[in-house]
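The block underneath contains the structure these notes are about, expressed in structure tokens.
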Amino acid sequence: MTPKLYYADVSPAVRSTLLAVKALDIDLELVPVNLMAGEHLKPEFLQLNPLHTVPTLEDGDFAIFDSHAINTYLAGKYGKDDSLYPKDLQRRAVVDQRMYFNCGVLFPRMGAIVVSLLREGAKTVSKDKADLLTQGYSSLETLLERSTFVAGEQLSLADFSIVATVSSANVLVPIASNTFPRITEWLAKMQALPYYAEANQVGLDKFVLMVKSRLDNSVDIQPSEMPVKLYGVDASPVVRATLLTFKALDLDFELKEVNVMKGEQLSPEFLEINPMHTIPTIQDGDFTLWDSHAINAYLVDEYGKDDALYPKDAQKRAVVDQRMYFECGVLFTKFGAFTSVLMKGNKALKKERMDSLVEGYGSLETLLEHGTYVAGEQLTIADFSVVATLTTANVLVPIASNRFPKISQWLSRMQALPYYREANQVGLDKFAVMVKKMLG
């Protein structure tokens with residue numbers, strides 16, 4: 001049976017999957033979903049995807065959503081080779097890392113502008129949102145200083161995710177070629193692909209029309225014998241997600257504490273290791289990787305005694321990936337909106353941010369109606385990412401057990417893990433103390 005792709009090509013996420021489909025030369029049945037008419041909210045679509053997002057893929061009796069998860073699934077199942085999504089663990093981890101960078105940095109920053117225009121009635125792009133998106137461009141420019149494509153010298157799925165987002169973001173906050181020459185060169189390479197016009201430009205043109213109708217004006221390796229080094233501080237939820245993975249794998253590591261409050265992540269020594277100056281970062285021999293999701297997947301693939309935490313089965317893995325992208329692009333982004341203002345000395349917790357986070361809780365509750373754990377009936381690294389973020393968010397916006405019973409039951413299961421206290425609770429307590437001081 002031919003797989004079905006439910007889509008609306010005005011969406012950058014959909015276009016990234018269309019690019020992957022064309023590159024892989026897969027025969028799909030395209031099923032248009034009229035978002036403006038609310039077709040994504042119909043019972044039959046909600047049966048496929050309870051989070052009512054596009055793209056959604058139906059492959060026989062298997063359904064998967066989130067473009068990143070869909071693309072890796074398609075490459076794994078239908079790819080004639082592994083060029084777009086390498087089987088080599090280190091190269092794959094870098095591709096994953098770049099896709100999480102798209103999901104957690106570029107896409108949310110672009111999306112915040114789109115939401116302000118389409119839902120909040122804004123007529124211009126605010127300076128603070130434009131500045132955040134420009135910072136994302138700067139990070140991408142830094143990555144492209146090291147390679148021809150975003151994850152190395154070879155075109156990969158990460159390029160499809162990022163080009164769909166960046167070409168859309170460029171409509172809102174134009175990319176200056178003199179400021180971002182590497183991005184400009186890379187965009188030209190992507191636009192030269194034989195399938196780019198059909199897979200991305202057509203939908204991008206629709207996006208341009210939609211946005212312009214709302215705008216008055218725009219803003220002018222082999223495993224090392226040495227223990228893996230983990231750079232981070234356990235007050236950070238993303239670091240704790242990786243600590244949970246290390247403990248679950250019973251894997252030795254050397255913790256190198258990075259005091260972000262003192263700016264140690266900006267020291268020349270750390271920037272040499274990770275130019276994005278983020279934690280966690282690991283060094284495994286001469287291999288360096290950042291982003292907790294990519295790190296956790298790499299650790300299981302490289303050191304796991306089995307694949308229980310990150311299944312090799314393409315469909316099961318795709319669901320785990322999907323849930324991690326959900327944590328990265330939804331839960332962590334909504335939670336991060338609080339921490340960014342707290343760090344700037346703002347003690348007020350705005351109702352709209354609280355409501356947005358509670359919406360994220362609602363989505364997770366829906367997912368947990370379908371399994372004991374966030375990606376099914378088995379504990380996976382997706383649970384580690386989600387529990388670290390969710391327990392931290394709970395400090396700011398408490399989770400009501402009567403409203404979210406599935407979350408409460410799942411949290412109890414996670415807290416019963418023999419390594420939970422050491423890997424998550426200790427750092428969570430530090431975060432709670434820090435927040436209490438900030439709020440006065």
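Residue-level check: of (1) exposed (fewer than 15 other Cβ atoms within 10 Å of the Cβ); (2) touching a Lys or Arg at 6+ places or on another chain (Cβ under 6 Å); (3) under 30 Å from ALA63 (Cα atoms), SER356 misses just (1). Applying the set (1) of a type in the set (A, V, I, L, M, F, W, C); (2) more than 22 Å from VAL115 (Cα to Cα); (3) surrounded by fewer than 21 Cβ atoms within 10 Å (Cβ to Cβ) to LEU367 leaves exactly one unmet item: (3). Selection of first residues in region 328-339 that are buried (at least 22 other Cβ atoms within 10 Å of the Cβ) and of second residues that are modelled with pLDDT under 90, restricted to Cβ pairs under 7 Å at least 6 apart or on distinct chains, gives the following pairs, ordered by first then second residue: PHE338/LEU349; PHE338/ARG353.
Of all the numbered requirements in (1) of a type in the set (Ser, Thr, Tyr); (2) surrounded by fewer than 22 Cβ atoms within 10 Å (Cβ to Cβ); (3) within 21 Å of ALA388 (Cα to Cα), THR288 misses one, and that requirement is (3).
Scoring TYR310 on the criteria (1) out of contact with any Gly (no Cβ under 9 Å at 6 or more places or on another chain); (2) assigned to a loop (DSSP other than H, G, I, E, B) leaves a single failure, condition (1). Residue pairs, Cβ under 6 Å, 6 or more apart or interchain, first in region 21-33 and on the phi > 0 side of the Ramachandran plot, second modelled with pLDDT of 95 or more. List them. Correct list of pairs: empty, since none qualify. Taking the criterion of being within 21 Å of HIS68 (Cβ to Cβ), out of contact with any Lys or Arg (no Cβ under 9 Å at 6 or more places or on another chain) and not polar (S, T, N, Q), the residues of region 286-301 that qualify are LEU289, TRP290, HIS293, ILE295, LEU299, VAL300.
Rundown of residues vs (1) out of contact with any helix residue (DSSP H, G or I) (no Cβ under 9 Å at 6 or more places or on another chain); (2) crowded, with 19+ Cβ neighbours inside 10 Å; (3) under 25 Å from THR72 (Cβ atoms), yes/no style:
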| position | (1), (2), (3) |
| --- | --- |
| LYS129 | no, yes, no |
| SER139 | no, no, yes |
| ALA158 | no, yes, yes |
| THR179 | no, no, no |
| ALA197 | no, no, yes |
| ASN200 | no, yes, yes |
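I'd like to verify a number: residues in region 243-285 that are of a type in the set (S, T, N, Q) and touching a Lys or Arg at 6+ places or on another chain (Cβ under 8 Å), how many? Give the derivation first.
Step one: list which residues in region 243-285 are of a type in the set (S, T, N, Q), which gives 245, 259, 265, 267, 274, 278, 281, 283.
Adding the requirement that they be touching a Lys or Arg at 6+ places or on another chain (Cβ under 8 Å) leaves 283.
Selection size over region 243-285: 1.
The values are calculated or read from the model by the stated rules, or taken from the named source; none is laboratory data. What you see is a predicted model, and the numbers here were worked out from it, not measured in a lab. Reconstructed Cβ throughout: ideal geometry from the backbone, glycine too, with neighbour counts over all protein chains shown.
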